[in-house]
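Single-structure report; data block below.
The values are calculated or read from the model by the stated rules, or taken from the named source; none is laboratory data. It should be emphasised that the depicted structure is a prediction, and the values quoted were computed from it without experimental measurement. Note that we place each Cβ from the backbone using ideal geometry, even for glycine, and neighbour counts take in every protein chain shown. With ligands, DNA and RNA removed, areas are computed over all heavy atoms of the protein, side chains included. Shrake-Rupley method; radii C 1.70, N 1.55, O 1.52, S 1.80 Å.
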Amino acid sequence: MTLTPARRIDTADWTVLAQELDSYGGALTPQLLTPAQCADIAALYEKEELFRTTIDMARYRFGSGQYRYFHHDLPEPVAALRAAFYPHLLTIARAWAARLGRPAPWPDTLEEWLERCHAAGQDRSAQILLRYEAGDWNALHRDVFGEMLFPLQVVIGLDDHGTDYTGGEFLLVEQRPRAQSRGTTQVLRQGHGLIFTTRDRPVATKRGWSAGAMRHGVSTVRSGRRRALGLVFHDAA
């Protein structure tokens, strides 16, 4: 039997993924989408009616490239992926909040959490499709859109690294207190999801847990075209 993407998410080794997130702030999932499913999602980029706005990164000095924010009425494959990830990420988010002594305001369901975001004035969809051509890149940043924040998000590769494009590795940079920053890179494999921290992650110190600030970005695409789906679990103000 062929597993659905949601079932592949459910059957992933979440113990290992949580350990990777604890250690590095990012973790690559098993393959969730087939090449055909990736192509179907990538093709949505040309359907302008699905999106509320298009961002030219160079215009805003975010780097170079383009991405589009979906309307709230998400295409079924996108909505299903986000809904399937939420309960697994919720467990990790609550554990991180407990370590850092922070509130854990996230309810059991994604729908209720998004209602709380909207009630607080964060009512714009933050789900995106990204497109990079040769020479494009994404500056290091955080996706914090207001006070209502979910600490984890996911990006899913839609093109095959080494065949469809080269370069374009995903970047994570940890700003360590009283020390030099530490960077990691990850090739975003086609159909795989990369879970990463939105803002920071718990770091063990001699005095207990502290928040390790992190930013993410994309290295320069050397050739071809790199497309990806971004799943964010809070909405934008």
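At 7 Å along Cα-to-Cβ for each site, give me the label-to-label distance between Ala97 and Gln19 in nm.
The answer from the label model is 2.6 nm.
What nm distance separates the two modelled labels at Ala139 and Thr220, each placed 7 Å from Cα along Cα→Cβ?
Those two pseudo-labels are separated by 1.7 nm.
Within 10 Å of each candidate Cβ there may be at most 15 other Cβ atoms; applying that plus a DSSP loop requirement, which trypsin sites (Lys or Arg not before Pro) in the stretch 100-172 survive?
Values: sites: Arg116, Arg124, Arg131, Arg142; in loops: Arg142.
Sites meeting the loop and neighbour criteria: Arg142.
Please sort 159-171, 54-66 by packing, taking for each peptide the average over its residues of neighbouring beta carbons within 10 angstrom, highest first.
Details: 159-171: 17.8, 54-66: 14.3.
The packing order, highest mean first, is 159-171, 54-66.
Of the accessible area of the chain, with the probe set at 1.4 angstrom, what percent is carbon plus sulfur? Working shown, then result.
Numbers: 5620 of 11480 Å².
That share works out to 49 percent.
With a cut-off of at most 13 other beta carbons within 10 Å, and DSSP calling the residue loop, which GluC sites (Glu not before Pro) in the stretch 105-159 qualify? Please list them.
Numbers: sites: Glu111, Glu112, Glu115, Glu133, Glu147; in loops: Glu147.
When the GluC sites (Glu not before Pro) of the stretch 105-159 are filtered for loop state and at most 13 Cβ neighbours within 10 Å, Glu147 remain.
For the stretch 1-147, what ratio Rg/Rh do Cα atoms give with a Kirkwood hydrodynamic radius? Walk me through the numbers on the way to the answer.
Working: Rg = 16.8 Å, Rh = 17.5 Å.
Across the stretch 1-147, the Cα-based Rg/Rh ratio is 0.96.
Taking 0.36 nm per residue of sequence separation and subtracting the Cα-Cα distance, how much length would be gained by fully extending the chain between Ala83 and Leu3, in nm to one decimal?
Working: separation 80, 0.36 × 80 = 28.80 nm, distance 1.62 nm.
So the extension gain works out to 27.2 nm.
At 20 angstrom or more along the helix axis (alpha-carbon based) and mean Kyte-Doolittle of 0.0 or higher, what helices does the chain contain? Whole DSSP H runs only. Intermediate values should be presented prior to the final figure.
Details: long enough: 76-100 (35 Å, 0.59).
In the chain, the long hydrophobic H runs are 76-100.
Taking the solvent-accessible surface of protein heavy atoms with a 1.4 Å probe, what is the per residue accessible area of the stretch 129-213 in Å²?
Working: 4040 Å² over 85 residues.
Value for the stretch 129-213: 48 Å² per residue.
Using the Karplus curve 6.51 cos²θ - 1.76 cosθ + 1.60 with θ = phi - 60°, what ³J(HN,Hα) values do you get for each residue of the stretch 144-156, in whole Hz, with x for Gly and Pro?
Here the 3J(HN,Hα) series is 9, 10, x, 5, 7, 10, 9, x, 9, 8, 9, 10, 10 Hz.
No solvent, one uniform scatterer per C-alpha: report log10 I(q)/I(0) for the stretch 133-237 via the Debye equation at q = 0.16, 0.23 1/Å, two decimals.
Values, matching the q order: -0.76, -1.23.
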